[in-house]
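Chemist: Pasting in a structure now, in structure tokens, and then I'll have a few things to ask.
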Amino acid sequence: MLRAIFFGSVGTLAETSQLQCQAFNNAFDEAGLDWFWKPNEYRELLREPGGVKRIRAEAKRRNQSVDAENIHARKVAHFYDLVTAKGLVPRPGVVETLEWARAEGVMVSWVTTTGCDTIDLILMGLRNSLSASSFSFILDATAVKLPKPAPDIYCHALKLAGIGPDNAIAIEDTPESANASLSAGIKTVAFPGWAAAERRFPQGIKSLDVLSAEALFSC
């Protein structure tokens, strides 16, 4: 019996990758660096989670010394400005799935290992469509020591929900994050966005372009 739906990474709710790429490039320019990540290049870089880690890897590749933490902080600030100016749109079927779950008494939670500042920003960008109250609980990077693809965040979510893995379904947008929920024993649906549209998810996972209750139950 389905008792909980776990939305995973930020990208399961809204498409943000291209805005984030623009924010990185704005931060590089502000720092006086001649770095520029093209969209397809950034898509490949997203295979490795962690913005600071990606900046450090780029600096190493170019044999340059940079303050990766500060550049990433400025990237977050630029991303905030972009989201504030442009807003965000929920991905297809997200709002309808939330409404169905609420009507049926199915718990919905957001289970991510991103920072709380990013969560607040995404909620602000989506404020016309959903809010923190749309979820029974929201987990962020402070909830566990190991980020995805470790299963820790999902094990913690199951404990908070008071259910077993057979009573939940996870929605994830990248293969790495899908491995986290699968490792916790949770049935998982792939909902790849722009960043992972051409990537291969673990075998046996159904991939959706549009979320719906019917699609989740058929997985």
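Since every read-out is calculated from the coordinates, none of them should be taken as a lab result. From a predicted model like this one, the values you see are computed outputs, not experimental measurements. Counting neighbours? That spans all protein chains shown, and the Cβs are built from the backbone with ideal geometry, glycine included.
Chemist: Name the residues in the stretch 45-59 that are small (Gly, Ala, Ser) and either in a helix (DSSP H, G or I) or more than 21 Å from Glu198 (Cα to Cα) (or both), would you?
Modeler: Gly51, Ala57, Ala59 - these are the residues of the stretch 45-59 that are small (Gly, Ala, Ser) and either in a helix (DSSP H, G or I) or more than 21 Å from Glu198 (Cα to Cα) (or both).
Chemist: Those residues that are more than 17 Å from Phe135 (Cα to Cα), under 16 Å from the mean Cα position of the chain (by Cα) and part of a helix (DSSP H, G or I), I need them from the stretch 81-116; list them, please.
Modeler: Val83
Chemist: Here's a follow-up. Would you be able to tell me the number of residues in the stretch 125-137 that are part of a helix (DSSP H, G or I) and closer than 21 Å to Pro92 by Cβ?
Modeler: Counting residues in the stretch 125-137 that are part of a helix (DSSP H, G or I) and closer than 21 Å to Pro92 by Cβ gives 2.
Chemist: Are any residues in the stretch 1-58 farther than 30 Å from Pro165 by Cβ and among the polar types (S, T, N, Q), and if so, which ones?
Modeler: Gln18, Gln20, Gln22, Asn25, Asn26, Asn40
Chemist: Among the listed residues Pro165, Pro175, Pro149, identify the single one that is farther than 29 Å from Leu45 by Cβ and either touching a residue at least 60 places away in the same chain (Cβ under 8 Å) or surrounded by fewer than 24 Cβ atoms within 10 Å (Cβ to Cβ) (or both).
Modeler: After applying the criteria, what remains is Pro165.
Chemist: For residues that are surrounded by fewer than 14 Cβ atoms within 10 Å (Cβ to Cβ), farther than 24 Å from Ile119 by Cβ and either within 21 Å of the chain's Cα centre (by Cα) or of a type in the set (Phe, Trp, Tyr) (or both), tally how many sit in the stretch 16-75.
Modeler: Within the stretch 16-75, residues that are surrounded by fewer than 14 Cβ atoms within 10 Å (Cβ to Cβ), farther than 24 Å from Ile119 by Cβ and either within 21 Å of the chain's Cα centre (by Cα) or of a type in the set (Phe, Trp, Tyr) (or both) number 6.
Chemist: For the stretch 1-15, which residues satisfy the criterion of being over 18 Å from Cys116 (Cβ atoms) and either small (Gly, Ala, Ser) or surrounded by fewer than 23 Cβ atoms within 10 Å (Cβ to Cβ) (or both)?
Modeler: The answer is Met1, Leu2, Arg3, Ala4, Glu15.
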